[in-house]
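The values are calculated or read from the model by the stated rules, or taken from the named source; none is laboratory data. Here the structure is a predicted model, which means the values were calculated and not measured. Glycine also receives a Cβ, built like all others from the backbone with ideal geometry; neighbour counts cover every protein chain displayed.
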């Protein structure tokens, strides 16, 4: 009898992990939104302050 990860039914929907909503929202970001978010995060990063 097999055991371990290979024995799990990978196609079973109850075994599939769901992504958080904020992570699925990142999939819908356009390149311009990603650039703006990167600029915003680098501007508020305290390590970048002189």
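Considering only residues that are touching a helix residue (DSSP H, G or I) at 6+ places or on another chain (Cβ under 9 Å) and assigned to a helix (DSSP H, G or I), which ones fall in the range 21-36? Let's see the steps before the verdict.
Going through the range 21-36, the residues touching a helix residue (DSSP H, G or I) at 6+ places or on another chain (Cβ under 9 Å) turn out to be 26, 29, 34.
The answer is 26, 34.
Could you grab me the full set of residues in the range 6-38 that are modelled with pLDDT of 75 or more and surrounded by 10 or more Cβ atoms within 10 Å (Cβ to Cβ)?
Across the range 6-38, the qualifying residues are 19, 24, 25, 26, 29, 33, 34, 35, 36, 37, 38.
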